[in-house]
Amino acid sequence: MSEARTPAQIEADIARRRQELAVTLDEIGVRVHPSTIVGDAKAKVASTVDRTAGRAYVAVNRVVSDARAQFVSPDGAPRVERIVPAALFVVGVVGLLTLSSRRRRD
């Protein structure tokens, strides 16, 4: 059998539960406050942007490193056998674009 509680114990239990309920309601009020929701959303967006920017940086860095490896040897010397054809290609494309734009104007 359970022991009977005194009115003072019951009142103390009620007061304690009221205090716990008040704390819980305050926490809920803070969580659903518009400024808290906006702050959480901003933090989530900032985190996503940082993560995306970091991934983009790594990807671009990898592409640049791969491209550099095509034109520079591991010891840092330029690879003339690859630079000259690439430069000639670029000059040819620029020349064709220039001719094309001149013909359009006329």
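Computed quantities for the displayed model
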item: Flag for residue 5 being part of a helix (DSSP H, G or I) and either open to solvent by 90 Å² or more (accessible area, probe 1.4 Å) or aromatic (Phe, Trp, Tyr) (or both); result: no
item: Residue count for the range 66-79, restricted to those that are assigned to a helix (DSSP H, G or I) and surrounded by 10 or more Cβ atoms within 10 Å (Cβ to Cβ); result: 4
item: Verdict on residue 14 being open to solvent by less than 100 Å² (accessible area, probe 1.4 Å), modelled with pLDDT under 95 and of a type in the set (Val, Ile, Thr); result: no
item: Residue 48 vs. criteria open to solvent by less than 80 Å² (accessible area, probe 1.4 Å), part of a helix (DSSP H, G or I), of a type in the set (S, T, N, Q) and modelled with pLDDT of 95 or more; result: yes
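The values are calculated or read from the model by the stated rules, or taken from the named source; none is laboratory data. What you are looking at is a predicted structure, and each value in this text was computed from that prediction instead of being measured. Glycine also receives a Cβ, built like all others from the backbone with ideal geometry; neighbour counts cover every protein chain displayed. Protein only, heavy atoms only, side chains kept; ligands, DNA and RNA dropped before computing areas. Shrake-Rupley method; radii C 1.70, N 1.55, O 1.52, S 1.80 Å.
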